[in-house]
Amino acid sequence: MLPLRSFASLRLGVKVGAIQKEKDRLFGGDIWANLVNGFSVVLTPQHLLFVMLGVTIGTAIGVLPGIGPSLTISLLLPVTFGLEPISAFVMFGGIFYGAMYGGSTTSILVNTPGESSSVVTAIDGFQMAKKGRGGAALATAAIGSFFAGTFATLMLMLMAPLLVRFALQFGAPEYFALMLLALSAVTGLAGQSAPKAFFATLLGLGLGMVGIDLQTGQARFTFGNLNLLGGIDPVMVAIGLFAVGEVFWAAGTLKRTFEETVTLRGSLMMNREEWRRSWPAWARGSVIGFIIGVLPGAGATIASFLSYNAEQRFAKGKAELGQGAIEGVAGPEAANNASAGGALVPLLALGIPGSATTAVMLVAFQIYGLRPGPLLFQQQADLVWGLIASLYIANLALLVLNLPMVRMWIKLLDVPKPVLYAGILTFSLLGVYADTQNTFSMVLLLALGVLGFLLRRYDFPLAPVVLGAVLGPLIEQEFRRSLAISVNDYSVFFTRPLALVLMTLVIMSFLVPLFNAIWKASRRRAAVSAGAVGEIED
Amino acid sequence: MRRVRTLPLMALLSLLVASALLAGCTTMPAAAPVEQAAATEAAPEEAAAPAEAAAGAALAPTAGGFPSKAIQIMAPANPGGGWDTTARLLAQTLTESGISPVPVEVFNVPGAGGTIGLAQLVSQNAGDPYTMMMMGRVMVGSILTNQSPVTLAETTPLARLTAEYEIIVVPANSPYQTMADLVAAFQADPKSIAWAGGSAGGTDHILVGQIAKAVGVAPEGVNYIAYSGGGEAAAAILGGQVAAGVSGVGEWADFIASGEMRPLAVSSAERLGALPDVPTLTESGVDVVLLNWRGVVGPPNLNEEDKAWLIAALTAANESEQWQEILATNGWDDVFQTGDDFAATLAEDNATISTVLKEIGLIE
């Protein structure tokens with residue numbers, strides 16, 4: 001919760017009058033009247049049809065590994081040429097939110113995240129599924145996504161101008177500190193062995209280094225291979241290590257181990273205890289996800305890891321995290337959905353795309369002859385408010401679509417394993433090829449699968465590799481940008497107020513677990529020397 | 001019993017397979033008729049333009065029967081960038097204004113400043129008139145910095161389409177009021193001016209290198225901060241994180257219009273119609289003119305007949321009302337050139353860019 005507190009105090013520091021003026025400039029008047037207008041634009045049979053189409057496609061591509069919303073929207077662009085812009089945009093909005101809903105399904109049920117933003121969900125989600133609580137995990141993901149999506153849309157509507165100003169405060173040193181904070185989540189992903197987690201993180205950071213260096217244009221770790229110049233997409237790392245690695249693992253052990261998975265234990269939906277534990281996680285995840293989403297370039301994956309990090313510190317069931325705690329699903333799933341809503345803030349208020357998907361939406365705006373930017377809210381009020389209204393509708397539609405599907409998805413566990421794993425392998429390869437149109441990427445995916453198999457064989461945790469691959473390039477670029485802008489003055493990380501706050505959090509989040517461990521160890525020693533064996537269990 | 005229970009799941013899975021095939025499939029010939037039908041329902045002003053243009057007859061196929069299926073334009077970058085946008089707008093114009101008798105589609109081959117796409121075009125599409133590639137001046141630079149084994153000399157230059165001049169801006173609260181102020185500070189302490197722009201070795205970086213050289217600052221001493229897109233760079237400028245920013249004129253037009261960025265100079269030879277109050281670099285005492293263009297090349301070994309057809313189609317697209325409107329909306333200049341003229345431009349730019357990249361220290 002600590003990061004939130006610091007953000008909140010910052011928010012209060014801004015003068016209220018200035019906010020109102022900024023709001024008026026952007027929105028041109030009363031928000032609620034505009035919203036009613038937005039609903040009246042969208043609530044026509046034709047537009048509702050497109051919202052439904054969008055959420056259905058979005059859910060489907062979310063489930064499929066490798067095919068993300070940015071690819072889907074760019075493929076659908078030509079189909080929408082002749083449509084009214086509003087029809088196209090409400091559909092894209094549905095796809096955007098829907099993809100975040102669908103991503104959790106395979107993560108939870110078969111430990112094969114289809115995007116990097118649902119990697120962290122697999123950790124506790126899959127454990128829950130093994131214990132027969134897969135239905136509850138899917139439900140908390142769906143309801144949490146609804147909660148977070150609605151929260152993010154509301155914030156987008158009420159706070160967009162203010163948040164944009166806040167996001168602009170983020171320079172390279174702040175981003176660097178934020179990325180370090182996200183990296184500190186690795187301390188909680190360690191599992192059995194800290195050195196192994198450390199190695200896995202370094203491996204991920206190394207994978208992130210491959211390709212052309214943005215600041216100098218020089219190729220690194222490409223071994224003269226042209227195909228590696230573009231770098232290795234973290235999404236591919238996630239699918240390769242988890243999905244393909246899981247397939248290889250299953251192929252290698254299927255005949256020898258008899259791991260009995262329980263399809264269902266207790267009720268299909270969440271029980272009272274699970275509801276009680278999900279609420280605070282959804283709330284934390286929503287706020288973290290939204291703030292991260294607003295910052296251009298941070299994205300859903302970082303939001304989900306930061307949320308997991310927060311759960312490790314604040315969740316009631318934090319001791320259980322890693323072994324199937326519902327907070328480990330509820331928080332990150334809320335966070336990645338909220339970040340989708342957050343990413344629309346810089347797009348609509350400034351015309352700055354904060355993610356791959358919003359970059360494609362920017363192209364869509366241009367194809368319709370619209371220029372998103374500081375003036376969009378005034379010049380295209382119907383479109384913008386229609387889009388916002390459709391996001392509320394899309395969220396509701398997704399909940400209605402996804403909750404009944406839990407019953408059906410859970411049957412995925414009954415599918416014979418050979419069929420299931422063959423399907424996963426096919427879809428992973430198909431998805432990666434569709435995204436890059438390059439056969440090399442399929443070879444790379446299989447190579448990453450072998451790497452995933454080996455890491456699993458020797459008990460290395462996989463999530464830190466993905467986290468490293470996502471954060472590596474960002475940490476490095478922001479570090480070098482900070483030093484270039486400050487002309488090699490390292491104090492820049494501690495003299496800017498926001499950076500200082502974030503750096504303090506970073507240091508605390510690395511040191512607190514360390515002190516905890518030392519304290520526990522010394523207490524144990526004291527207990528042992530005192531002969532009070534009964535007090536060891538803490 | 002079990003078979004019955006898994007039936008809905010199987011049905012859903014097959015639906016997923018179907019949607020995956022739809023998503024994975026880049027050829028969508030079915031799209032064209034849908035567009036025509038839906039266009040009539042669109043807002044009146046949107047529907048009017050294509051309907052008028054559609055009156056013009058489609059180009060007749062060549063004697064060899066080209067084209068008989070959909071033509072594809074490769075955007076050698078991720079969806080969302082400049083090449084992708086231009087490719088999609090071009091495909092839209094060719095299809096909607098009725099110039100092409102077959103649908104024109106866009107697909108993306110991202111990576112390495114377009115050199116991955118270039119390598120694919122040259123190695124896999126030789127002689128295939130159904131694949132064109134969108135590219136631009138930036139690709140000339142990335143071929144050099146990436147030491148790409150494949151160069152543009154192996155492609156068939158078809159047409160140069162759009163151009164955009166560069167603009168130099170500072171944050172609204174910057175102490176620098178004119179280009180001369182900025183240059184003075186730059187000369188006094190080159191490192192104190194952090195320039196934000198696109199990736200290293202790209203057009204923005206090259207412009208800064210040329211400015212440095214023109215005002216007597218060693219190009220390798222430039223403090224250039226590369227951002228992976230115009231959006232990220234814009235955020236850095238709006239937040240006052242950097243001293244100055246460089247980009248295409250159109251990209252930040254709205255920030256300039258709303259007063260959040262102050263334009264100091266443009267890289268054109270004469271002042272631009274859209275920004276009559278912004279002086280050129282030359283006027284400000286910096287002797288640099290830079291034109292950033294985008295164009296279309298074909299694969300190697302095209303036969304003359306197919307090449308002529310493609311050039312005719314691109315010429316018709318360039319002359320269409322719809323394209324001229326697109327140019328105006330985006331603030332792009334019409335610098336249309338075809339075939340050999342375009343090839344000459346390519347060679348000329350290659351020489352200039354390689355000199356500047358050497359001076360900046362990006363290539364040896």
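Considering only region A:359-383, how many residues are facing another protein chain (nearest Cβ under 8 Å) and open to solvent by less than 10 Å² (accessible area, probe 1.4 Å)? Residues meeting the conditions: 4.
Screening the candidates B:ALA253, B:ALA274, B:ALA265 for the property of being among the small types (Gly, Ala, Ser), within 14 Å of chain A (Cβ to nearest Cβ), within 21 Å of B:ALA328 (Cα to Cα) and crowded, with 19+ Cβ neighbours inside 10 Å yields one hit, B:ALA253. So is A:ALA389 part of a helix (DSSP H, G or I) and either surrounded by fewer than 24 Cβ atoms within 10 Å (Cβ to Cβ) or within 14 Å of chain B (Cβ to nearest Cβ) (or both) or not? No: the conditions fail for A:ALA389. Exactly one residue among B:GLY136, B:GLY98 is away from chain A (no Cβ under 11 Å), open to solvent by less than 10 Å² (accessible area, probe 1.4 Å) and touching a Gly at 6+ places or on another chain (Cβ under 7 Å), and that residue is B:GLY136. So for region B:199-210 (the condition being on the phi > 0 side of the Ramachandran plot, in contact (Cβ under 8 Å) with a residue 12 or more places away in the chain, open to solvent by less than 30 Å² (accessible area, probe 1.4 Å) and out of contact with any Cys (no Cβ under 9 Å at 6 or more places or on another chain)), does at least one residue qualify? Checking region B:199-210: at least one residue is on the phi > 0 side of the Ramachandran plot, in contact (Cβ under 8 Å) with a residue 12 or more places away in the chain, open to solvent by less than 30 Å² (accessible area, probe 1.4 Å) and out of contact with any Cys (no Cβ under 9 Å at 6 or more places or on another chain).
Name the residue that is nearest to B:GLU283 (Cα to Cα), counting only residues in region B:180-197 that are in contact with a helix residue (DSSP H, G or I) (Cβ under 9 Å, 6 or more places away or on another chain) and surrounded by fewer than 24 Cβ atoms within 10 Å (Cβ to Cβ).
Once the filter is applied, the top-ranked residue is B:ALA185.
Per the listing A:PHE377, A:PHE305, the residue uniquely in contact with a helix residue (DSSP H, G or I) (Cβ under 6 Å, 6 or more places away or on another chain), modelled with pLDDT under 85 and of a type in the set (Phe, Trp, Tyr) is A:PHE377. Of everything in region A:215-228 that is surrounded by 21 or more Cβ atoms within 10 Å (Cβ to Cβ) and in contact with a helix residue (DSSP H, G or I) (Cβ under 7 Å, 6 or more places away or on another chain), the residue that is farthest from A:LEU71 (Cα to Cα) is A:GLY217. I'd like to check something: does region B:139-148 contain any residue that is crowded, with 24+ Cβ neighbours inside 10 Å, within 14 Å of another protein chain (Cβ to nearest Cβ) and in contact with a Pro (Cβ under 8 Å, 6 or more places away or on another chain)? Taking every residue of region B:139-148 in turn, at least one turns out to be crowded, with 24+ Cβ neighbours inside 10 Å, within 14 Å of another protein chain (Cβ to nearest Cβ) and in contact with a Pro (Cβ under 8 Å, 6 or more places away or on another chain). Only a single criterion out of (1) touching a Leu at 6+ places or on another chain (Cβ under 9 Å); (2) under 18 Å from A:PRO234 (Cα atoms) is not satisfied by A:VAL470, namely (1). Looking only at residues of region A:80-113 that are of a type in the set (S, T, N, Q) and within 23 Å of B:ALA91 (Cα to Cα), we find that the one that is modelled with the lowest pLDDT is A:THR80. Would you be able to say whether some residue in region A:50-61 is open to solvent by 10 Å² or more (accessible area, probe 1.4 Å), of a type outside the set (A, V, I, L, M, F, W, C) and part of a helix (DSSP H, G or I)? Checking region A:50-61: at least one residue is open to solvent by 10 Å² or more (accessible area, probe 1.4 Å), of a type outside the set (A, V, I, L, M, F, W, C) and part of a helix (DSSP H, G or I). Residue count for region A:421-438 satisfying the condition of being surrounded by fewer than 18 Cβ atoms within 10 Å (Cβ to Cβ) and at the interface with chain B (Cβ under 10 Å from one of its Cβ atoms): 4.
The values are calculated or read from the model by the stated rules, or taken from the named source; none is laboratory data. In this text the structure is predicted, and so the values were computed from the model without any measurement. Every residue, glycine as well, gets a Cβ built from its backbone with ideal geometry; the counts of neighbours run over all protein chains shown. The protein model used for the area step is the full one, side chains on, heavy atoms only, and it has no ligands, DNA or RNA in it. Shrake-Rupley method; radii C 1.70, N 1.55, O 1.52, S 1.80 Å.
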